[in-house]
Amino acid sequence: MMNYIWLTIVILAIVMGGINGKIDSVTKSAIDAAVGSVNIAINLVGIMALWLGIMKVAEDSGLMALVAKGLAPILKWLFPDVPAGHPAMASMTMNIAGNMLGLGNAATALGLRAMEDLEKLNAHPGVATNAMCTFLTINTAGLQLVPAPVIGILASAGSKDPTVIIGTTIVATFAALIFGIAAVKMLERLPFFSVERNGKGEPS
């Protein structure tokens, strides 16, 4: 879908540029954007390497495990259908902790593993459970204490204070998390979203 949207935008830009006699400006803007994206990407490599190194130190020092330990009581409340000692709980805890600390690459693998573990608890394979929906909502909200990718992009673009985004990022992602969890917990109580099965295991 996104490919069609971007293609439509490009075509409209070319058509409108031709109609207004500014096709040269459209071409120049496209070339300038391509050059700028390469420069940003090259500058971003070093900055991201620095942040990922810092986050790796935090992970090895036990900070990530400490955050995961603090999250455990909250996750028990959010996921009442998942047994405390189940591997899914451990995977979800580490995934959320990793995302909060900006370890997106490491957290992705843990998130996929968490969904696989949740599927093992699924009484109706192929149909998302309440726990799956809640976990996906938390990941979509993406609560971050250290938005390393955004800081890297701002720094590579020449921002004088790239870390200024930290406060607003925390507030925005926290608000999204609260509203997301409230919505998923409300919707899972509605009969319309429940999965009803008969004795043969077929949808009723």
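The values are calculated or read from the model by the stated rules, or taken from the named source; none is laboratory data. Everything numeric in this text was worked out from a predicted model, so none of it was measured. Ideal geometry is used to build each Cβ from the backbone, glycine not excepted, and the neighbour counts take in all protein chains shown. To get the accessible areas, we keep the full protein, side chains included, count just its heavy atoms, and leave off ligands, DNA and RNA. Shrake-Rupley method; radii C 1.70, N 1.55, O 1.52, S 1.80 Å.
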> Would a scan of the stretch 149-156 turn up a residue that is under 26 Å from A183 (Cα atoms) and either out of contact with any Leu (no Cβ under 8 Å at 6 or more places or on another chain) or open to solvent by 50 Å² or more (accessible area, probe 1.4 Å) (or both)?
Replying inline: no
> Within the stretch 79-89, can one find any residue that is at pLDDT 75 or above, touching a Ser or Thr at 6+ places or on another chain (Cβ under 8 Å) and buried (at least 17 other Cβ atoms within 10 Å of the Cβ)?
Replying inline: yes
> Can you tell me how many residues in the stretch 17-40 are hydrophobic (A, V, I, L, M, F, W, C) and exposed (fewer than 11 other Cβ atoms within 10 Å of the Cβ)?
Replying inline: 6
>> Step by step: first the residues of the stretch 135-181, then only those that are outside any helix (DSSP H, G or I) and more than 16 Å from the chain's Cα centre (by Cα), then the one that is farthest from T108 (Cα to Cα). Which residue is that?
In response: K160
>> Which of the numbered conditions does A114 fail, given that it passes all the others? Conditions: (1) open to solvent by 50 Å² or more (accessible area, probe 1.4 Å); (2) part of a helix (DSSP H, G or I).
In response: (1)
> Cβ-Cβ below 6 Å, separation at least six or inter-chain, first residue in the stretch 16-39 and in a helix (DSSP H, G or I), second surrounded by 11 or more Cβ atoms within 10 Å (Cβ to Cβ) and of a type outside the set (V, I, T): which pairs?
Replying inline: I23/G17; V26/A13; V26/G17
